[in-house]
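The values are calculated or read from the model by the stated rules, or taken from the named source; none is laboratory data. In this text, all values refer to a predicted model and were calculated from it rather than measured experimentally. Cβ sites come from the backbone with ideal geometry, for glycine too, and all protein chains shown count toward neighbours.
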Amino acid sequence: MADDMAKTADDDGTDSDSRRLLRRLRDTLAGPGEGQERLDRITHLIADSMGCEVCSIYLFRDEDTLELCATEGLKAESVHMTRLRLGEGLVGRVARSGTAINTANAPAEKGFRYMPETGEEIYSAFLGVPVQRLGEMLGVLVVQSKAARQYSDDEVYALEVVAMVLAEMAELGAFAGEGEALAAPHQHSVLFRGGTGQEGTAEGRVWLHEPRVVVTNPVADDPQAECERLREGVAKLRLSVDTLLTQADSADGEQHQVLEAYRMFANSRGWLNRMEEDILRGLSAEAAVEKEQSATRARLAQVPDPYLRERLHDLDDLSNRLLRILTGQGAETGAAMPDDPVLVARNIGPGELLEYGRKLKGVVLEEGAVGSHAAIVARALAIPLVIHAERITTEALNGDHILVDGDQGLVHLRPDETVAAAFRDKIAMQAKAMERYAGLRMLPAVAKCGTTVGLHMNAGLMADLPSLEGSGAEGVGLFRTELQFLIRNKVPKRGELAALYSRVLDAAKGRRVAFRTLDIGSDKVLPFMKRLDEPNPAMGWRAIRVGLEKPGVLRMQLQALLRAADGRPLTVMFPFIAQFEEFLEAREHLLEEIDREGQLGHTLPEKIEIGAMLETPSLAYAPKAFFELADFISIGGNDLKQFFFAADRENERVRRRYDTLDVSFLSFLQHIVQRCEDSNTALSFCGEDAGRPVEALCFAAIGLRSLSMRPASIGPVKSLIRRVDLKEARAVIEEAAASGAQSVRPAVLDWLSRQGDGS
């Protein structure tokens, strides 16, 4: 079949012209000369080969501006002078949409912009195609003719193939020269604005989780040989996917679904046919794969349906696998990890991140979420994490200098020395502050008014526990037990969990550890759990709802906790309790396991505390009996705030809209404080806000006497609390609320600044 296709291609003048043009293009690119000279030669040969009066190349000088960088047919003086905004004119429309525009009458087209300095008014026909690589828009390639005619499908295809080769060569620096538009790739400074996944700052060198495949031979002379290479590569790909499916555990439903999707795409005849057609037009096997991959990424940007986006991601990942087979460029490139690595990835699983461990200085992800598995592990490892840094995997190279500002959600790639110096000053100031906080480690958080606030740390890994001693935390206010499940492909055994929990208690050296039972579901789907298609997972089947409906794992975990205690005090809290009955049922499970362990002759805890996490507004209005029965209550601030304000904390557009120090939210917290005081129930606040000094001060001022946060936050929070009078702070809060202010933050900051204690 391929022989027939190749013969057809040879007999078809357009196809052979396409291959001939690509060969001429390759020879031009291989010849001597600087970037501008090469671009000028390219526009000449394309116009000559396609029989057009005009060929022009527009490249981006910044993310919003295209610049005419070379032309055959337009006025020479317009080169580097003519510029268009993204979306402006037909060229700008091609760049924005990522799709070709082919019109016989360009001036009549919607959005046409006449540029008199170019002399293009005499040309009617217009064909513009994007110059893009794996979804990264680099510019636009245009041909124009005086005659009013539509360019044929073969001509459009040929120009797209040429644009693909131009993109590959631009990636290799073939057009580097003077000016912003001809700046060498991967050399200029780039600022990425993302979101905060984990606070903190870091300076280091890029370490790509999946090193980018570099295609150095986009044009090939022997289509039959390239088609054969492609088929052999696809055969190896299919075999590897089949092997993965065979090895996958039958219980791992979600992994099977992904691999089945891989197998479907790997066996897609349409996918293979499109790549073979690209090869017959003159591309190498690798370039053909990348051309289809670029088309996939362009479709990804247009697809709103999350399921279809996932399937396109599968095809994108499969293309990467095939490229690695064809080029021999595996994940192991032979490059040595730098001493100060900052991991850069599109996304990463918790197990993979844990394998890197604390050797990482920081993590930057193109995707990710505030509550994602990677974010949870990054917090546990105290690694600065920036999420939603779009396109960084396309821009970054291994070894690039990188600055990560997790506090602001910013990433500076290849920063200039001025930016780097300012960033180092910030790190030095933070280090100096940490030295000051270290002196407070053994001192209690006692305010000037004599009020003591208990400061505890959040944890989820054994690696966290050394921070208990160094941070000055009084105990572990939240131990996230789900991390041990997230990093496994099978349910851990009871004995494994008991041994782990026992080591946690050993490391705590008698300090209180509050173990939260499995908080899974929503954004935390276990590898061996079947993912449910829920319209709103955060408010769906999760946490204690899963535990009560599928009690086997919950009971096993409770048994492991009881055995780990081995006579020591044990503290257990149940997550996401929304009503009294749920707490009663969960508590009953624990009491039954205590009775069962006693009958088996196992040593029972000398003392046991059973509490609940208050993460839904409904629980604040539970019957008085709930508050009397619970040994303690921990406010889960992250979830409670998103439900209180109806603002999804994974949605960057709304989650920052609402202030924690909003008068209505603080009033609600005061209601909870009062209910716990009335029933003499211990109360704490656990969440990101507890680790922010100004927020922590306000929580303490309204009556919260126990806060749990990441270890690094304990010093700053303790320092501020020890410098203020909480009674005065409460008066400031009450006065601001009485004045009708939306938030007490401005009033509190003003009060602190007058004391010389700004945040």
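Remarks
- Pair list, Cβ under 7 Å, 6 or more apart: region 138-152 residue of a type in the set (Phe, Trp, Tyr), other residue part of a loop (DSSP other than H, G, I, E, B): none
- The single condition among (1) of a type outside the set (A, V, I, L, M); (2) over 43 Å from the mean Cα position of the chain (by Cα); (3) at pLDDT 85 or above; (4) surrounded by fewer than 13 Cβ atoms within 10 Å (Cβ to Cβ) that residue 153 does not satisfy is (2).
- Consider region 673-712 and keep the residues that are among the hydroxyl-bearing types (Ser, Thr, Tyr) and not in a helix (DSSP H, G or I). The one that is nearest to the chain's Cα centre (by Cα) is 708.
- Beta carbons closer than 8 Å, at least 6 apart along the sequence or on distinct chains, pair a first residue in region 508-519 that is farther than 14 Å from residue 564 by Cβ with a second that is assigned to a loop (DSSP other than H, G, I, E, B) and aliphatic (A, V, I, L, M) for 511/473; 518/543; 519/543.
- Of all the numbered requirements in (1) closer than 25 Å to residue 441 by Cβ; (2) within 38 Å of the chain's Cα centre (by Cα), residue 746 misses one, and that requirement is (1).
- Qualifying residue in region 705-712 (condition: in contact (Cβ under 8 Å) with a residue 60 or more places away in the chain, outside the structural domain of residue 611 (by TED's automatic domain parsing) and surrounded by 17 or more Cβ atoms within 10 Å (Cβ to Cβ)): no
- In region 547-574, the residues that are part of a helix (DSSP H, G or I) and in contact with a Leu (Cβ under 8 Å, 6 or more places away or on another chain): 547, 548, 553, 554, 556, 557, 558, 560, 561, 562, 564, 565
- Residue 218 being modelled with pLDDT of 75 or more, crowded, with 16+ Cβ neighbours inside 10 Å and outside the structural domain of residue 82 (by TED's automatic domain parsing): yes
Here is a yes/no grid of residues against (1) among the hydroxyl-bearing types (Ser, Thr, Tyr); (2) closer than 28 Å to residue 18 by Cα; (3) in contact with a helix residue (DSSP H, G or I) (Cβ under 6 Å, 6 or more places away or on another chain):
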{"site": "77", "(1), (2), (3)": "no, no, no"}
{"site": "83", "(1), (2), (3)": "no, no, no"}
{"site": "113", "(1), (2), (3)": "no, no, yes"}
{"site": "122", "(1), (2), (3)": "no, yes, no"}
{"site": "144", "(1), (2), (3)": "no, yes, no"}
{"site": "154", "(1), (2), (3)": "no, yes, yes"}
{"site": "168", "(1), (2), (3)": "no, yes, no"}
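- Selected residue [surrounded by 21 or more Cβ atoms within 10 Å (Cβ to Cβ) and under 25 Å from residue 716 (Cα atoms)] from 450, 439, 472: 472
- For region 64-100, a residue qualifies if it is within 15 Å of residue 143 (Cβ to Cβ) and within 33 Å of the chain's Cα centre (by Cα), and the qualifying residues are 91, 94, 100.
- Qualifying residue in region 394-404 (condition: buried (at least 22 other Cβ atoms within 10 Å of the Cβ), among the β-branched types (Val, Ile, Thr) and either under 20 Å from the mean Cα position of the chain (by Cα) or farther than 27 Å from residue 477 by Cα (or both)): yes
- Selection status of residue 700, under 22 Å from residue 440 (Cα atoms) and at pLDDT 95 or above: yes
- Within region 636-654, the only residue that satisfies the criterion of being in contact (Cβ under 8 Å) with a residue 40 or more places away in the chain and over 25 Å from residue 573 (Cβ atoms) is 652.
- You will find that of 143, 162, 91, the residue that is crowded, with 23+ Cβ neighbours inside 10 Å, under 17 Å from residue 43 (Cβ atoms) and either hydroxyl-bearing (Ser, Thr, Tyr) or modelled with pLDDT under 90 (or both) is 162 and no other.
- Every residue from region 29-70 that is of a type outside the set (A, V, I, L, M) and assigned to a helix (DSSP H, G or I): 35, 36, 37, 38, 40, 41, 43, 44, 48, 49
- Residue pairs whose Cβ atoms lie under 8 Å apart, separated by 6 or more positions or on different chains, with the first residue in region 233-246 and more than 24 Å from residue 288 (Cα to Cα) and in the same structural domain as residue 268 (by TED's automatic domain parsing) and the second among the basic types (Lys, Arg) and in a helix (DSSP H, G or I), are 245/263.
- Enumeration of residues in region 537-569 that are surrounded by 18 or more Cβ atoms within 10 Å (Cβ to Cβ) and either of a type in the set (S, T, N, Q) or without any contact (Cβ under 8 Å) to a residue 24 or more places away in the chain (or both): 557, 559
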